[in-house]
1. Stretched out fully, how many nm does the piece from residue 214 to residue 83 gain, at 0.36 nm a residue minus the Cα gap?
2. Would you mind getting me the FRET efficiency between residue 37 and residue 184? Use the beta-carbon distance for r and R0 = 45 Å, nearest 0.05.
3. For residue 25, go through the lysines and keep the ones whose alpha-carbon is under 17 Å away, minus same-chain ones fewer than eight residues off.
4. Using only the Cα atoms of the range 66-217, build the gyration tensor, take square roots of its eigenvalues as a ≥ b ≥ c, and label the shape rounded, prolate or oblate: rounded if a/c is under 1.5, else prolate if a/b is larger than b/c, else oblate.
5. Under a 5 Å amide H to amide H cut-off, with H placed in plane at 1.01 Å, what residues pair with residue 67 once short-range neighbours are removed?
6. Calculated from DSSP H runs of 4 or more alone, at -39500 (n - 2.57) each and per residue, what is the 222 nm mean residue ellipticity of the chain, nearest 500?
7. Taking θ = phi - 60°, what integer Hz values does the Karplus form 6.51 cos²θ - 1.76 cosθ + 1.60 yield along the range 150-167, in sequence order, with x for Gly and Pro?
8. Identify which of 42, 223, 98 has the largest mean-square fluctuation in a Gaussian network model of the chain, with springs joining Cα atoms closer than 10 Å.
Amino acid sequence: MARATGKSEAVYERLKGDIESLRLKPGAKLSEVQLGEELGASRTPVREAIRRLAAEGLVDFVPGEVARVATISLGGVRALFEIRMLLEPRAAALVATSGAADERVLAPFHELLARLDEFEESFRALDAAGQTRGYQDFYVLAERYDQAVIAACRNPYLARTIRDLRSQTVRLRHLSHSGPRRMLTSLEEHRAMLKAITHGDAQAAESASRHHLAQTLQALIDSLASGEGAAPGVEIQLDIAR
């Protein structure tokens, strides 16, 4: 049983990574037999992994039919950010409040703020090609911020709900390739969120988080609607009127 569980987890992590990074495109068929052959697994762990991914919204699964990687639409993007803007600003406010009462909560946020300053200095010194390669380094820092908020949020239900949405958020991050101007703007938005949290200012943390999400949503909509942000082979459903 332990061996099967371990294999299922390995298959799940592999498929999840491939979906988030768009190596598996939206709409792609997920054949249990084919995936089992590619991953060296039986159909049972593959089926379990697909069911878990369906529960996370990354797979469209209909019993008796071939599962597919969930499609991406502007409507879905808007719906995702609508719920994120309800949850994440509140979480940031709670973390700032906790930090004001216990300085130890703020340690990872102070560290991230310093790392962000170091990254910006080195990024601005790069040429265009170097800056393109540097995007991933910023995404790592941005993900660390999101995970730090989840870890420090003392409302376990809120933290769990935000965590469960991360896969969708990561997939969109890989889908939309922002230029250096948007990336530097996002960097400033993260700096504002970090400063508010480290200062223990719940109201400012909530406001900064909401502003960042609103700006990110608009950047995604503009990019996806124009087709400039889509990765090769990825179709975006323009299902909601602008």
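1. Working: separation 131, 0.36 × 131 = 47.16 nm, distance 1.17 nm.
Here the answer is 46.0 nm.
2. Numbers: r = 45 Å, r/R0 = 1.00.
Working from the Cβ atoms, E equals 0.50.
3. Partners within reach: 16.
4. Since a/c reaches 1.5 but b/c is at least a/b, the shape of the range 66-217 is classed as oblate.
5. Distant-sequence amide H within range of residue 67: 30.
6. Numbers: 10 runs with 174 residues, N = 242.
About -24000 deg cm²/dmol.
7. Per-residue couplings from phi come out as 4, 5, 8, 5, 8, 9, x, 6, 5, 4, 5, 5, 5, 4, 5, 8, 4, 4 Hz.
8. For the chain, modelled as a Gaussian network with Cα springs under 10 Å, the answer is 42.
The values are calculated or read from the model by the stated rules, or taken from the named source; none is laboratory data. The structure presented is a predicted model; accordingly, all values stated were derived computationally and were not measured. So basically every Cβ, Gly included, is an ideal-geometry build from the backbone, and we count neighbours across all protein chains shown. What goes into the accessible areas is simple: the full protein's heavy atoms, side chains included, and nothing from ligands, DNA or RNA. Shrake-Rupley method; radii C 1.70, N 1.55, O 1.52, S 1.80 Å.
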